[in-house]
Amino acid sequence: MPERFTVTTPIYYVNDVPHIGHAYNEVATDVLARWHRMRGDDTWMLTGTDEHGQKIMRTAAANGVSPQEWTDRLVESAWIPQLELLNIANDDYIRTTSERHKVGVRIFLERLKEAGYIYHGEFEGQYCVGCEEYKTANDLVPGTGEFEGQLVCAIHSRPIEVVREANYFFKLSEFGDRLLALYEERPDYVQPEHVRNEVRQFVKQGLNDLSISRNTFDWGIKVPWDETHVVYVWFEALLNYITANGYGVDDELFARRWPAVHIVGKDIARFHAVIWPAMQMAAGIEISSHVFGHGWLLVGGEKMSKSKATGIEPRQITEVFGVDAFRYYFMSAIAFGSDGSFSWEDLDARYHAELANGLGNLASRVIAMVHKYCDGVVPEVAVDADILALTTDAVGRAERAIDRFAIDEAVDAAMSIVERLNGYITEQAPWVLAKDEAQRDRLAAVLASNVHGIGAAAILLAPVMPETAQKLWAAVGGEGDVLAQRIQAAHEWQGTGRVTTVPPLFPRIEQAQPAS
């Protein structure tokens, strides 16, 4: 039986077009899904869009269209095209305006109500429309500029609104001890450690019941037993992870696909590691496998944000460097789980040093030498022991890194093969060996070792750079689709015994940053 690996992105809020902060999350989740598919695991990747809430309603009104027209327009013109642009191989796409989501949400709510976890009560709170979230005093900071003298949301830098409503509540306060026990019993449930510590500290301070409905606007899913209320956008959005895979409708599908791994930004880890598991406990379903809260992309020291004019659209980068280089850069340059700073200068430097001069140059040199010295036939001789040991070690390191969600370390393991082979070629100087008939056997071993290393690296890099990896794979005589290879056996690959040709993989770029 194959292992199950269900992995999700958050569903992205469609009030605006996506930027590279969203793309970072999508690519990371896609890399994990592709890796597990190559292991032979029963893999399912879910992404989608969050389309309800007050902010969507206001944005749609400001643009003179209905909320449904606004969300349809953005999903079709921006969000799905971004997945296609970045070569994201998601298995499913959930929209919170879809009927299957609405059906699942209603079933879930009815079950929670029957179990006694929902009640009606009065509420007053400080609400950030940008976050669609009620804020505590710790979430607010003094405003600056036009908002000086006011408290503002620490994320959006805009004033909060005081909301007074009679709403339905979820008894979140009853789950504090059970959540703390979950974190204790499953220390890898919330990752990385600094996010887990923050979540645990938040729960230790005590939990308040959660208002899960609104009655001052109607853009949302109606509460089944009281259609004057719509479900709080965050509460119903979290349910996408189960409504997409048959919850309450298709028990067989749900059993196959659940539980899931959630890859989210650290700023929404609290929702996923506190509210969401409490909801699962209340409904009596199995708790998610993991919640991984990755860091932010920073531009000029600030979190990537459209509202702060630091948003960069992925196409601005891919049009210059290509899609695979985009994917490679963000998966390798930032320790997954930590904040990372983006700059055009760093991207340009890594592109030329690691991809153009490193991987691309290695492949073109080796393949050219096999053609020149062996008529394109890979010598049938033993691979040098140290190169075989290198690829074996790289595969093991990459596999262990993926199990810890350390994507950057997995990429580093793959690129360690490339780095070593470039040094190996310099040391062995096959162009010198080729001039001495007595060194023909040594030349054969050097060339065979290089081809072996490139093939192994191509397999390991396939989840990150699928198009580039396929070109490398075909060039060194790999058969079929590189993504169909078993990644845990990359060091044992066998090819046709002939190299073909490799196109220029990473051409030099003269002007890295597009003109403003």
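The values are calculated or read from the model by the stated rules, or taken from the named source; none is laboratory data. Here the structure is a predicted model, which means the values were calculated and not measured. All Cβ positions, glycine included, derive from the backbone under ideal geometry; neighbour counts span all protein chains shown. For accessibility, only protein heavy atoms count, side chains too; no ligands or nucleic acids. Shrake-Rupley method; radii C 1.70, N 1.55, O 1.52, S 1.80 Å.
Within the stretch 451-462, at least one residue is more than 29 Å from the chain's Cα centre (by Cα), modelled with pLDDT of 95 or more and surrounded by 19 or more Cβ atoms within 10 Å (Cβ to Cβ). Would you confirm whether or not the stretch 256-277 contains a residue that is among the charged types (D, E, K, R), out of contact with any helix residue (DSSP H, G or I) (no Cβ under 7 Å at 6 or more places or on another chain) and farther than 30 Å from Arg4 by Cβ? No; the residues of the stretch 256-277 include none that is among the charged types (D, E, K, R), out of contact with any helix residue (DSSP H, G or I) (no Cβ under 7 Å at 6 or more places or on another chain) and farther than 30 Å from Arg4 by Cβ.
Screening Asp91, Asp72 for residues that are under 24 Å from the mean Cα position of the chain (by Cα), of a type in the set (Asp, Glu), modelled with pLDDT of 95 or more and open to solvent by less than 50 Å² (accessible area, probe 1.4 Å) leaves exactly one candidate, Asp72. Of all residues in the stretch 429-445, those satisfying the criterion of being outside any loop (DSSP other than H, G, I, E, B) and either among the acidic types (Asp, Glu) or modelled with pLDDT under 95 (or both) are Glu437, Asp441.
Residue count for the stretch 41-64, restricted to those that are open to solvent by less than 50 Å² (accessible area, probe 1.4 Å) and closer than 20 Å to Glu132 by Cβ: 12. Taking the criterion of being more than 20 Å from Ile287 (Cβ to Cβ), touching a strand residue (DSSP E or B) at 6+ places or on another chain (Cβ under 8 Å) and not in a strand (DSSP E or B), the residues of the stretch 1-24 that qualify are Pro2, Val14, Pro18, Ile20, Gly21, His22, Tyr24.
Annotation: of all residues in the stretch 187-212 being without any contact (Cβ under 8 Å) to a residue 24 or more places away in the chain and part of a loop (DSSP other than H, G, I, E, B), the one that is farthest from the chain's Cα centre (by Cα) is Gln205. Checking Thr59, Thr71, Thr6, Thr29 one by one, the residue that is polar (S, T, N, Q) and in contact with a helix residue (DSSP H, G or I) (Cβ under 6 Å, 6 or more places away or on another chain) is Thr6 and no other. Residues that are part of a loop (DSSP other than H, G, I, E, B) and either open to solvent by less than 50 Å² (accessible area, probe 1.4 Å) or touching a residue at least 12 places away in the same chain (Cβ under 8 Å) (or both) within the stretch 475-499 comprise Val476, Gly477, Gly478, Glu479, Gln485, Arg486, Trp493, Gly495, Thr496, Gly497, Val499, listed in sequence order.
Within the stretch 270-304, restricting attention to residues that are under 27 Å from Ser332 (Cβ atoms), open to solvent by 20 Å² or more (accessible area, probe 1.4 Å) and assigned to a loop (DSSP other than H, G, I, E, B), the residue that is modelled with the lowest pLDDT is Gly301.
Within the span defined as the stretch 25-34, every residue fails to be outside any helix (DSSP H, G or I), at pLDDT 95 or above, open to solvent by 10 Å² or more (accessible area, probe 1.4 Å) and under 23 Å from Phe330 (Cβ atoms). For the stretch 114-150, what are the residues that are in contact (Cβ under 8 Å) with a residue 12 or more places away in the chain, more than 21 Å from Thr228 (Cα to Cα) and surrounded by 12 or more Cβ atoms within 10 Å (Cβ to Cβ)? Ala115, Gln126, Cys128, Gly130, Cys131, Lys135, Asp139, Leu140, Val141, Gly143, Phe147 - these are the residues of the stretch 114-150 that are in contact (Cβ under 8 Å) with a residue 12 or more places away in the chain, more than 21 Å from Thr228 (Cα to Cα) and surrounded by 12 or more Cβ atoms within 10 Å (Cβ to Cβ).
Against the numbered list (1) closer than 21 Å to Ile107 by Cβ; (2) in contact with a His (Cβ under 6 Å, 6 or more places away or on another chain), Ala237 comes up short only at (2). Taking the numbered list (1) within 18 Å of the chain's Cα centre (by Cα); (2) without any contact (Cβ under 8 Å) to a residue 60 or more places away in the chain; (3) surrounded by fewer than 20 Cβ atoms within 10 Å (Cβ to Cβ) in turn, Leu253 passes all entries but (1). Among the residues of the stretch 418-435, the ones that are in contact (Cβ under 8 Å) with a residue 60 or more places away in the chain and farther than 16 Å from Ile454 by Cα come to 3 in all.
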